[in-house]
Amino acid sequence: MKHIYTSIDIGSDTVKLIVCELYKNKLNLLAASSVKSKGIKKGLIIDAEAASVSVRKAFNEIEDMLGITIKKVIASVPSYFAEFSMVKGEIPIEHEDSTITGKDIEQVLESVAQSKLNPDKEMVAIIPIDFNVDDKTEIKEPKGLVGTTLSTRAILVTTPKKNIYSVVSLLEGIGVEVVDISLCSIGDIYSFKNKDIDSQVGAVINIGAETTTVSLYNKGIIVKNSVIGIGGRNIDNDLSYMYKIDLEDAIKLKEKFAFAHKSVAVANENYEISSDQGDAIVINQLKASEIVMSRAEEILTLARKEISILTDKTVEYVIITGGVSSSSHFEKLVNDIFGKKAIIGNVKMLGIRNNKYSSAVGNIVYFIHKLKLEGRECTMISNNDMELLSSNRKNVINISNETMLGKVFGYFFGE
């Protein structure tokens, strides 16, 4: 069996869709697509018909690249009003040899989730903290151990049902089955996880187009998050307003000319562009960078305050991700506000180095981690499509063993 996984992140600015293959414990990118979103506002679907057009376009691009039809996907759902609860439970082990199986792990997690669900909420994920087998405690992977009782502590992640149903119904409406759901916050940490993170308290700040999500993690497991109603689009709007240019030109100005930190801007460097009325405008790099920096500084300052609201513990790391974090010299601004404990996340997968893909990539990592824990196998394409892919291997983009995901999968799935 080829292990093929597809992940989608339906954002306010773009729909990100990726297809990867797990091969010899390494993740290979097969294809990636990013198309402009329509019908999405602050991460929520407000016009299902318009959103369907954007999502279908992303699938069409992927299918054209690979020559197969994508029918199954892991989907990110909105994290508005998400709740994170610690839950506990146990089940008896009734096999003749008392050896714990992946099915037992699945059952103990399901039993905990079912007993704690609120009628107005739907489960997004249940993330085990650890397991106990009889008197053996704090076990990470109990499969294969012998005992009479299996118990667990876990984080139950829930959201309002509409957050999930809106995404699932949209995808099912275009003929795509949702195999699993997750939050972008879960995907983000799995994009950047390492052994240090698994022993620390930290935060990830994902700066999206219209919102910024601040998520808190304890030993690599999400425990809280918060959504701030400001994002990269605010920077675009500031530039558009100040220079009286349309939004697309403002985006180009931000991405191609201005810097996220004014200290590196050149005072006599200029950029000429046409205004909404067709007049020529000369834009100074230093002035434009001051505009970008001012709004980006506001976003990061609000995120820093939000972290202090989420926890009174010492935060040992902060990772910044999202498309805005790829802005030129953004790391200088991050260092000004957070100091050396904060870094820009770095999605090092060949072909999708932009951080806007961090959630989609990480949710595949998380999904495969769950499969391994429960001893299951899964693929998201048919046998016929596997043969088509095998005959067209030139499309596969391999990841070097030295890249971030190579290290992640070496840690989670290596021998």
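The values are calculated or read from the model by the stated rules, or taken from the named source; none is laboratory data. Since the structure is predicted, the reported quantities are computational estimates derived from the model, not experimental observations. Ideal geometry is used to build each Cβ from the backbone, glycine not excepted, and the neighbour counts take in all protein chains shown. All accessible areas refer to the heavy atoms of the entire protein, side chains included, with ligands and DNA or RNA removed. Shrake-Rupley method; radii C 1.70, N 1.55, O 1.52, S 1.80 Å.
Below are the figures for this structure:
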{"item": "When residues of segment 110-150 are limited to those that are of a type in the set (D, E, K, R) and assigned to a loop (DSSP other than H, G, I, E, B), the one farthest from Asp180 (Cα to Cα)", "result": "Asp135"}
{"item": "Count of residues meeting criterion [loosely packed, with under 13 Cβ neighbours inside 10 Å and either closer than 26 Å to Val334 by Cα or among the β-branched types (Val, Ile, Thr) (or both)] in segment 271-285", "result": "1"}
{"item": "Residue list for segment 86-109, filter: in contact with a strand residue (DSSP E or B) (Cβ under 8 Å, 6 or more places away or on another chain) and either assigned to a helix (DSSP H, G or I) or crowded, with 16+ Cβ neighbours inside 10 Å (or both)", "result": "Val87, Gly89, Ile91, Ile93, Ile100, Asp104, Ile105, Gln107, Val108, Leu109"}
{"item": "Within segment 224-255, considering residues that are touching a strand residue (DSSP E or B) at 6+ places or on another chain (Cβ under 8 Å) and free of Cβ contacts under 8 Å to residues at least 40 places away in the same chain, the one most open to solvent (accessible area, probe 1.4 Å)", "result": "Lys244"}
{"item": "Filtered residue count, segment 176-209, keeping only those that are touching a helix residue (DSSP H, G or I) at 6+ places or on another chain (Cβ under 9 Å), part of a loop (DSSP other than H, G, I, E, B) and modelled with pLDDT of 95 or more", "result": "1"}
{"item": "Residue within segment 302-314 that is open to solvent by 20 Å² or more (accessible area, probe 1.4 Å), of a type outside the set (A, V, I, L, M, F, W, C) and touching an Asp or Glu at 6+ places or on another chain (Cβ under 8 Å) present", "result": "no"}
{"item": "Verdict on Ser358 being under 26 Å from Thr14 (Cβ atoms) and part of a loop (DSSP other than H, G, I, E, B)", "result": "no"}
{"item": "Residue list for segment 367-402, restricted to those being closer than 18 Å to Ala31 by Cβ and either of a type in the set (Lys, Arg) or modelled with pLDDT under 50 (or both)", "result": "Arg393, Lys394, Asn395, Val396, Ile397, Asn398, Ile399"}
